[in-house]
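The values are calculated or read from the model by the stated rules, or taken from the named source; none is laboratory data. Just so we're clear, the structure is a prediction, and the values are computed from it rather than from any experiment. Glycine also receives a Cβ, built like all others from the backbone with ideal geometry; neighbour counts cover every protein chain displayed.
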Amino acid sequence: MSDTAEAAAFVANYEKLKAALSRRIVGQEEVIEQVFIAIAAGGHSLLEGVPGLAKTLLVKTLADAMHLGFRRIQFTPDLMPADITGTEIIQEDAETGRRKLMFQKGPIFTQILLADEINRTPPKTQAALLEAMQEKSVTVGQETFSLPRPFFVLATQNPIEQEGTYPLPEAQKDRFLFLIKVDYPTRDHEREIVARTTGSDSAEVEAVLTAEDLEKANALARKVPVPDHVVDFVLDLVRATRPTEPDASAYVKEMLSWGAGPRASQQLVLAGKVRALLRGRTHVTLDDIEALAAPALRHRLVPTFHAEAEGITVDHIVAELLRTVKKDAAKVL
């Protein structure tokens, strides 16, 4: 199959996925697109929103719409690392009668892992996901076990309820390609939600995508060319977030205590490639980068106390940096 035909199949698969999700999910088109972009790029997503916005239902429905293994872990303060990765147990060999240690795999050995309310468990347990998210493997004792492919972590967290929660360490957040904000539905969408969920109809979702489809999507995305000026724009944007850079602006030094690392540049470019394909283009444009800058950067930036005291959010800072970098790029052109 030619790249053109694969690109058309890629868009068709996304449309089928959206149609399947729409049987249970009302609205949230931007959220769905960003989650799909992250998955097609081979990355993980952190969904943030207040309770009742169907974050868990979205992930569960997404799993139902794919021929992939799915497990859900409800993160709680008493959850232990072994509850996620698995543990070694003593078993007796029926033939020899000898006892030996056998590894009992945990729920992380799946393809789509829903880490529900990930910030409700202590850092020690959160850290159990670090190797899995980066290396796609789990090390227990002296053995390393490979996870099924593809492997995605889709995590949820509540941004307003902080009692009994443990903020994710920066190293953990950096493993997520996107931090996706899930907002309240519109009035019309909320009316539709009420109508659907208070009636007797139950929407069944059929699986429309396979692991092979996702692998092809990831391979195809990596072929999408990125013009030099787009790469320069990404580098300028990400490097502009670092207050320690020699040419850092006074605004950044005042608003950010820590900026994004190189992984942000890598993942922003890769996500831009997927978005370009969804838009029917064969190359990445500045529009792709601008559209994905906030979800790709908001969890990688650490605002200063001054910014928080002034009520300036990370999204405001990203928007300001986009405006500044675009202005500087226009001068060069």
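Quick notes
- Every condition in (1) surrounded by 19 or more Cβ atoms within 10 Å (Cβ to Cβ); (2) outside any loop (DSSP other than H, G, I, E, B); (3) without any contact (Cβ under 8 Å) to a residue 40 or more places away in the chain holds for N13 except the one numbered (3).
- Some residue of segment 162-177 being under 23 Å from V269 (Cβ atoms) and in a strand (DSSP E or B): yes
- Residue in segment 189-202 that is surrounded by 11 or more Cβ atoms within 10 Å (Cβ to Cβ) and assigned to a loop (DSSP other than H, G, I, E, B) present: no
- Condition check for A19: within 26 Å of A276 (Cα to Cα), surrounded by 15 or more Cβ atoms within 10 Å (Cβ to Cβ), at pLDDT below 90 and not assigned by TED's automatic domain parsing to the domain that holds V284: no
- Some residue of segment 66-73 being of a type outside the set (A, V, I, L, M, F, W, C), under 30 Å from A195 (Cα atoms), in a strand (DSSP E or B) and free of Cβ contacts under 8 Å to residues at least 60 places away in the same chain: yes
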